[in-house]
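Written out below as structure tokens is the structure these notes cover.
The values are calculated or read from the model by the stated rules, or taken from the named source; none is laboratory data. Every value quoted in this text rests on a predicted model; they were computed, and no experiment measured them. Note that each Cβ is placed from the backbone with ideal geometry, even for glycine, and that neighbours are counted across all protein chains shown.
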Number of protein chains: 2
Amino acid sequence: MSPISIAAPPSATPGFDPASRFPPGFLEGFGVRDLPGGYLLATPGQPLDQVFIVRSGRVRVYLASEARELSLAILEPGDVFVTHTPTFVQTLEPVTLWVLGTREFAARLAREPSITPAIMRVLGRILSNAVALVEDLAFRDVPARLARFLVRQAEQRGVMEADGCLLPLRLGTEDIACLLGTTRQSVSSQMNQWQREGLLTRRSRHALLIHDLPALALRSLASSG
Amino acid sequence: MSPISIAAPPSATPGFDPASRFPPGFLEGFGVRDLPGGYLLATPGQPLDQVFIVRSGRVRVYLASEARELSLAILEPGDVFVTHTPTFVQTLEPVTLWVLGTREFAARLAREPSITPAIMRVLGRILSNAVALVEDLAFRDVPARLARFLVRQAEQRGVMEADGCLLPLRLGTEDIACLLGTTRQSVSSQMNQWQREGLLTRRSRHALLIHDLPALALRSLASSG
DNA sequence: GGTGTTTTGTCGGCTGGCCGACGGAAAGCC
DNA sequence: GGCTTTCCGTCGGCCAGCCGACAAAACACC
């Protein structure tokens, strides 16, 4: 999950084994935890430091003020995160996680230093994503953010077809708006604008057909400052 | 340097030894590098991965679009950073750094696992700061961001006096605007607004006297969404 | 202390995008 | 199929804050 995303790894092909992402034996020591959908597993208030990896299901990481929410990432199987940051973390559906306390994790690293470089890469990627998110908010207007979002989604999940790139979306308009730091209305109107221009077609509520990907990419360049 | 800041450690008291922040012997292996003012030591393009620590002088970390710049942090002696992120890093004045390549750094961690927890704490703090920055941009309007900035500065560097808290500022209006993701004009007018309300006095170009810190803190709460 | 340069204060116009409201469409549910 | 509920599209009003422009002040340098 991408343009606005703080999570660790690159894209996930559907139907793969999340454990295959990690060195053999890496997951030993992690606890397995099953959670129901809608479960809030971390808040800014009580930071029970934990490293977790999503095994199945989706998890949303977000910030909230009194009036609004901003999704930082929607984690999918294989994604890594640390509850060491002042964010809310909530399951979107029933979820299975691998979990380990940060202290134990650090001790583990100390015992098996060979995995340290891999971890540093993951952390570096998380930080890079956070920086990219700041860049998006500071420099790009809503159309550009939305275009970027769609292009990235297409790169990750798009399926080429005769008349364009079919993009299965598991998010509603409101969810997208929340990822982009804007409103339902702005996303909706922009999307329909592009539909009228022939850039894309709303195939169904959860599928989008992008006809002109390059044109979208063009609109994803900075234009708000 | 704070409300908008991605850098690692808490505040620095002036005239301290930056090396004292780290475990004895930690800095062995680091190279020492002297750079002139205005030197650009990293850009998003070529990520020569390095871990560096500021020994003296100030360093600015920022993002740039064609039309605008956003400062992520102004690093001071003792601050740690990684050029592993797609940002610009530039010296503001002549600077001395301790530098080590990320590969060597990781190897070092692998050899001396005892310092790993400390490093994870530093990375966690950097990430938390980045998240806080996103929060600022997404949820707070300009007055709130500015108020927060001033309050934090006061906490870190302010000197209590009879008629308030004297705040030595090494930044101009434009620099502050750049840290807050806004414009010179907005900062200026808001500051003078508060001056008229008696909250603060512009003592000189580089010094500010804050009379009513609590009132400022009140204005630093979210109000743009 | 005069003179050029940089920094700051202020104003008005303009606009992106938020907000509230409401009708229509799709999807779930029996 | 009918019903309910959730989701989506669109419009008009409104406002924060950016932009350009210019004057005044602070500072630096001789």
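Structure values in brief
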quantity	calculated
Extreme residue, farthest from DNA strand D (Cβ to nearest atom), among residues of segment B:146-183 that are of a type in the set (A, V, I, L, M) and within 14 Å of chain A (Cβ to nearest Cβ)	B:Leu179
Subset of segment A:199-217 that is without any contact (Cβ under 8 Å) to a residue 40 or more places away in the chain and away from DNA strand C (no atom under 14 Å from the Cβ) - its residue that is farthest from the other protein chains (Cβ to nearest Cβ)	A:Leu199
Selection status of A:Met160, in a strand (DSSP E or B), outside the structural domain of A:Glu69 (by TED's automatic domain parsing) and either of a type outside the set (Gly, Ala, Ser) or within 28 Å of A:Glu69 (Cβ to Cβ) (or both)	yes
Counted residues, segment B:107-131 - those being more than 7 Å from chain A (Cβ to nearest Cβ) and closer than 20 Å to A:Leu63 by Cβ	2
Residue satisfying all of: in segment A:172-183; assigned to a helix (DSSP H, G or I) and more than 8 Å from DNA strand C (Cβ to nearest atom); surrounded by the fewest Cβ atoms within 10 Å (Cβ to Cβ) among these	A:Glu174
Count - residues of segment B:83-110 that are in contact with a helix residue (DSSP H, G or I) (Cβ under 7 Å, 6 or more places away or on another chain) and either among the aliphatic types (A, V, I, L, M) or surrounded by fewer than 18 Cβ atoms within 10 Å (Cβ to Cβ) (or both)	4
Residues located in segment B:184-201, provided they are among the small types (Gly, Ala, Ser), surrounded by fewer than 16 Cβ atoms within 10 Å (Cβ to Cβ) and on the phi < 0 side of the Ramachandran plot	B:Ser188, B:Ser189
Subset of segment B:56-68 [surrounded by fewer than 19 Cβ atoms within 10 Å (Cβ to Cβ) and in contact with a helix residue (DSSP H, G or I) (Cβ under 6 Å, 6 or more places away or on another chain)]	B:Ser65
Segment B:185-198 residues that are away from every other protein chain (no Cβ under 14 Å), paired with ones that are of a type in the set (Ser, Thr, Tyr) and more than 8 Å from DNA strand D (Cβ to nearest atom) (beta carbon under 7 Å, 6 or more apart)	B:Val187/B:Thr173; B:Ser188/B:Thr173; B:Gln195/B:Thr201
